[in-house]
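S.K.: Let me give you the structure first, and then I'll get to my questions.
The values are calculated or read from the model by the stated rules, or taken from the named source; none is laboratory data. Keep in mind the model is a prediction, meaning the values are calculated, not measured. Backbone-built Cβ (ideal geometry, glycine too); neighbour counts: all protein chains shown.
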Amino acid sequence: MRIENPKIVAALRELDVELRSRASLAKLTSLGIGGTTDLLRIKKHDAIPGLLALLDANGIAHKFLGGGSNLLVEDGELPWIALQLARPQPDVVLEGNFAQVDAAADLGRTVTFCAKHDLGGMEGLIGVPGTVGGALRMNAGAYGMQIGSYVREVKLYRASGRKLEILRGDQISFEYRHTSFAPDDMMLAVKLELPSKPYREILQGIRICNEKRRSSQPLGQKSAGCIFKNPPGASAGRMIDELGLKGHFVGDARVSDRHANFFVNAGHATAKDMLALIADVRERVHRAFGVDLENEVVMWNA
Ligand code: EPU
C-alpha cells in the first residue's frame, strides 16, 4: 500500500514519523519472505495516538512490525502499511535490579547488557533473534525460562482505548508462547526485574545455551524459529522428524535438516511455498499422530 496523499505525508512529518516508501518485507524479516509496502518509522511514543487517528481517519490499514524474526508475510503488493518503532538511544536504562527497556531494543543485546551489569535470569534467551517488544508479546522462552517471569510493568498503546497505558506485570497473563495482550496492542517499553548474579556466572549460562542452540538449530539459515508450538507433553520437531520429513520441500521452502520444526528459506522461497509446506506437514502430522499442530510463527496473509 502506498501513502501518496500530500496532506497525509505532511501530517506524518509533523508527527516526526519517517515514511519509507516501498519497503521490502523480505528484507525486514528473518525468513527473507514478504512483499512490499510503505513503512512508517515512529521516533516518539507520544506520536502514536495521533498517528493512528490519522491512519484510521484515512482508512489506511496497518500492522505493527517488531524485529520480523517470528513472522511469515504474504507476497506481492501488501494491502496494509507497516509501522515500526525506531530504536532510541539508550534503549536500556538500569536502576538497581530493574531494567527499563524500549520495545525496539534488540533482545540478545539487552540480555548481554544486563549481564555485564550483573543482572541475570534471561540467559536462555540469548540467541533468540528479534526485539524485546516481540519477545514480550509472544512470551518468548527457551531452556526452561520465559521473559514473562521478569516483567513488572509494560507501557503499550491500546488500540481499543486509543491511548498509551501502563500495565503492571500482574495484570498480564503470560502462558506458553501466549500473552493476554490484544492483537492490536503495541508494545512500547517494559520494566524487568532481574536477579543479581555475577557476570562470570551469567556468561557460563549464556555459553551453555549458545552451545545447545548451535548444535540443534539451523542458526546460519533464514528461518522464523520454530514453525509450530509444541503440543502439551510432545515435541513438534520430534514428530516431524519421526515422519522422515527433514529436507522435505516446496520450492525453496524446506524443512531444516538440523531441526525439523524449523522451516528454512533455502533460496528464493515465496510465502506461497512456505504456506504450502506448512499445510502439508501439518496434514501429515495429523494423519500420523492425530495431533493438530498450532502455528507458533505469526502469519500476515489474507
Ligand atoms: N527433536 C528431534 N528431531 C528434531 C528436533 C527435535 O528428535 O528435528 C527432539 C530432540 O532431540 C529433543 C526434543 O525433540 O529430544 C525437543 O527438541 P528441542 O530441545 O530442540 O526443543 P523443542 O521442543 O523442539 C523448544 C522451543 C524452541 C526453544 C527450544 C529450547 C517450541 C516450539 N520450541 O524447541 O523455541 O529454542 O525448546 O528451549 O516451543 C521458538 O520458539 O521459535 C523456538 C525455536
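S.K.: Going through the range 148-186 one residue at a time, which ones are under 19 Å from Ala99 (Cβ atoms) and free of Cβ contacts under 8 Å to residues at least 40 places away in the same chain?
M.R.: Listed by number, the residues that qualify are Gly148, Ser149, Glu153, Val154, Leu156, Ile166, Leu167, Arg168, Gly169, Asp170, Ile172, Phe174.
S.K.: Take the conditions surrounded by fewer than 18 Cβ atoms within 10 Å (Cβ to Cβ), without any contact (Cβ under 8 Å) to a residue 12 or more places away in the chain and either within 12 Å of the ligand (Cβ to nearest atom) or in a loop (DSSP other than H, G, I, E, B) (or both) and apply them to Gly244. Does it pass?
M.R.: yes
S.K.: If I ask for residues that are within 30 Å of Lys212 (Cα to Cα) and either under 14 Å from the mean Cα position of the chain (by Cα) or not in a loop (DSSP other than H, G, I, E, B) (or both), which ones from the range 139-168 would you list?
M.R.: Asn139, Ala140, Gly141, Ala142, Met145, Gln146, Ile147, Gly148, Ser149, Tyr150, Val151, Arg152
S.K.: A follow-up question, please. Name the residues in the range 250-281 that are within 14 Å of the ligand (Cβ to nearest atom), out of contact with any His (no Cβ under 8 Å at 6 or more places or on another chain) and of a type outside the set (Gly, Ala, Ser), would you?
M.R.: Selection gives Asp257, Arg258, His259, Asn261, Phe262, Phe263, Val264, Ile278.
S.K.: Exactly one condition in (1) more than 10 Å from the ligand (Cβ to nearest atom); (2) under 29 Å from Lys63 (Cβ atoms) is not met by Leu293; state its number.
M.R.: Exception for Leu293: condition (1).
S.K.: Still on this structure: Identify all residues within the range 103-133 that are buried (at least 22 other Cβ atoms within 10 Å of the Cβ) and charged (D, E, K, R); write none if there are none.
M.R.: Correct list: Glu123 only.
S.K.: Being closer than 14 Å to Gly76 by Cα, under 19 Å from the mean Cα position of the chain (by Cα) and either of a type in the set (Asp, Glu) or part of a helix (DSSP H, G or I) (or both) is the filter here, so list the residues in the range 18-66 that pass it.
M.R.: Leu25, Ala26, Lys27
S.K.: Additional query: Sort through Ala276, Ala269 and tell me the only one that's under 19 Å from Pro129 (Cβ atoms), touching a strand residue (DSSP E or B) at 6+ places or on another chain (Cβ under 8 Å) and not β-branched (Val, Ile, Thr).
M.R.: When all the criteria are applied, what remains is Ala269.
S.K.: Keeping to the range 41-72, report how many residues are among the hydrophobic types (A, V, I, L, M, F, W, C) and farther than 21 Å from Met299 by Cα.
M.R.: Result for the range 41-72: 9.
S.K.: State whether one or more residues within the range 152-160 are of a type in the set (Lys, Arg), surrounded by fewer than 17 Cβ atoms within 10 Å (Cβ to Cβ) and within 12 Å of the ligand (Cβ to nearest atom).
M.R.: No - not one qualifying residue is present in the range 152-160.
S.K.: Let me ask something else. Give Gly35, Gly76, Gly108, Gly120 a once-over and let me know the one that is small (Gly, Ala, Ser) and within 16 Å of the ligand (Cβ to nearest atom).
M.R.: Answer to the check: Gly108.
Listed here are the residues, each with its yes/no results for (1) under 20 Å from Ser196 (Cβ atoms); (2) among the aliphatic types (A, V, I, L, M).
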| site | (1), (2) |
| --- | --- |
| Ala104 | no, yes |
| Thr112 | yes, no |
| Lys116 | yes, no |
| Gly120 | yes, no |
| Gly130 | no, no |
| Arg137 | no, no |
| Val154 | no, yes |
| Ser160 | no, no |
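S.K.: Out of (1) surrounded by fewer than 19 Cβ atoms within 10 Å (Cβ to Cβ); (2) part of a helix (DSSP H, G or I), what's the single condition that is false for Leu136?
M.R.: Condition not satisfied by Leu136: (1).
S.K.: Then there's this: Assuming Ala302 fulfils every condition listed in (1) buried (at least 16 other Cβ atoms within 10 Å of the Cβ); (2) at pLDDT below 95 apart from one, which condition is it?
M.R.: Result: Ala302 fails condition (1) only.
S.K.: Go through the range 247-277 and report how many residues are in a helix (DSSP H, G or I), out of contact with any Phe, Trp or Tyr (no Cβ under 7 Å at 6 or more places or on another chain) and either without any contact (Cβ under 8 Å) to a residue 24 or more places away in the chain or surrounded by 17 or more Cβ atoms within 10 Å (Cβ to Cβ) (or both).
M.R.: 3
S.K.: Say whether the condition of being more than 15 Å from the ligand (Cβ to nearest atom), surrounded by 20 or more Cβ atoms within 10 Å (Cβ to Cβ) and not acidic (Asp, Glu) is met by at least one residue in the range 216-237.
M.R.: So far as the range 216-237 goes, no, none of its residues is more than 15 Å from the ligand (Cβ to nearest atom), surrounded by 20 or more Cβ atoms within 10 Å (Cβ to Cβ) and not acidic (Asp, Glu).
S.K.: Under the condition of being part of a loop (DSSP other than H, G, I, E, B) and surrounded by 13 or more Cβ atoms within 10 Å (Cβ to Cβ), which residue from the range 180-215 is farthest from the chain's Cα centre (by Cα)?
M.R.: Lys197
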